[in-house]
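> For reference, the structure I am asking about is given below.
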Amino acid sequence: MSKNSVEDAKVIMQALLQKKLQYMGRSCELVDFGFGDIVKDKTLSGKELVRASYTLHLQCPFRVSVSNKIITGSDDLFISPFDGNDFVDLNLQHTCLFDYQVEKFRKAHPSEYVQKISLNTFGDVCIEMTTAVISIFVTNSSQDESWRFFQTVKKKNHLVYEGGGFELY
């Protein structure tokens, strides 16, 4: 583990430039973006996984927008997509507005490529793609992890923003 500067983090995240957004999804409230080529991997038990070559995990507020319209964001994880039903079970898929908004977005924008990446010292990230923008906002002052970026299959270091700084694990 080592502290890194915002400049170091920018260099590491430049690996996303010109990479295709392959998927957006979630596991409970952890949001997952996959970029780059599709690669095959195996779990420790031998089950085959198909993933993108780069992964960005979010556990902090974010927004996905196109032009001046919000497509989805972190609050959508806690909103039911069904009128009159407040039930959201993040252990299940298709129980929150985020799931439906992502599905609609991916159908309308199947070929999004990363054009520009910017970061600041607070850990906020802006990923500008062909038509969409992913905006990530770190809002806590604790030592908790806000987001994590890593090369999926290769056993490379993970760039993590936590507790007011960039760490390389």
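> Please list, ordered by first then second residue, the pairs with beta carbon atoms under 6 Å, 6 or more apart or interchain, first in segment 91-105 and of a type in the set (Asp, Glu), second at pLDDT below 95.
Every condition considered, the pairs that remain are ASP99/GLN93.
> ILE79 - would you say it is without any contact (Cβ under 8 Å) to a residue 60 or more places away in the chain and aliphatic (A, V, I, L, M)?
Judged against the criteria, ILE79 is a match.
> Any residue in segment 155-166 that is of a type in the set (S, T, N, Q), touching a Gly at 6+ places or on another chain (Cβ under 9 Å) and either more than 18 Å from GLN59 (Cβ to Cβ) or not in a loop (DSSP other than H, G, I, E, B) (or both)?
No, segment 155-166 contains no residue that is of a type in the set (S, T, N, Q), touching a Gly at 6+ places or on another chain (Cβ under 9 Å) and either more than 18 Å from GLN59 (Cβ to Cβ) or not in a loop (DSSP other than H, G, I, E, B) (or both).
> Another question about this same structure. Look through ASP124, ASP76 and report the one residue that is over 14 Å from the mean Cα position of the chain (by Cα) and surrounded by 14 or more Cβ atoms within 10 Å (Cβ to Cβ).
Result of the check over ASP124, ASP76: ASP76.
> Further, regarding this structure: Within segment 10-39, how many residues turn out to be outside any loop (DSSP other than H, G, I, E, B), in contact (Cβ under 8 Å) with a residue 40 or more places away in the chain and loosely packed, with under 13 Cβ neighbours inside 10 Å?
1
> List the number of the failed condition for LEU90; all other conditions in (1) outside any strand (DSSP E or B); (2) closer than 21 Å to SER146 by Cβ; (3) modelled with pLDDT of 95 or more hold.
Checking LEU90 against (1) outside any strand (DSSP E or B); (2) closer than 21 Å to SER146 by Cβ; (3) modelled with pLDDT of 95 or more, the one that fails is (3).
> Give segment 127-159 a look and list any residue that's over 16 Å from VAL66 (Cβ atoms), of a type in the set (S, T, N, Q) and surrounded by fewer than 19 Cβ atoms within 10 Å (Cβ to Cβ), or say none.
Within segment 127-159, THR139, ASN140, SER141, SER142, GLN143, GLN151, THR152, ASN157 qualify.
> Then there's this: Pairs please, first residue from segment 138-149 and of a type in the set (A, V, I, L, M), second anywhere and in a strand (DSSP E or B) and at pLDDT 95 or above, Cβ atoms under 9 Å, 6+ apart in sequence or on different chains.
If the second residue must be in a strand (DSSP E or B) and at pLDDT 95 or above, the pairs left are VAL138/VAL125; VAL138/SER146; VAL138/TRP147; VAL138/TYR161.
> A further question follows. Which residue is surrounded by the most Cβ atoms within 10 Å (Cβ to Cβ), if the candidates are limited to segment 40-56 and must be hydroxyl-bearing (Ser, Thr, Tyr) and touching a residue at least 12 places away in the same chain (Cβ under 8 Å)?
Across segment 40-56, the extreme among qualifying residues is TYR54.
> Select from segment 79-106 the residues that are within 17 Å of GLN59 (Cβ to Cβ), surrounded by fewer than 15 Cβ atoms within 10 Å (Cβ to Cβ) and of a type in the set (A, V, I, L, M) and list them in ascending order.
Correct list: empty.
The values are calculated or read from the model by the stated rules, or taken from the named source; none is laboratory data. None of these values were measured; they are calculated from a predicted model. A quick note on method: Cβ atoms are made from the backbone with ideal geometry, for glycine too, and the neighbour counts reach across all protein chains shown.
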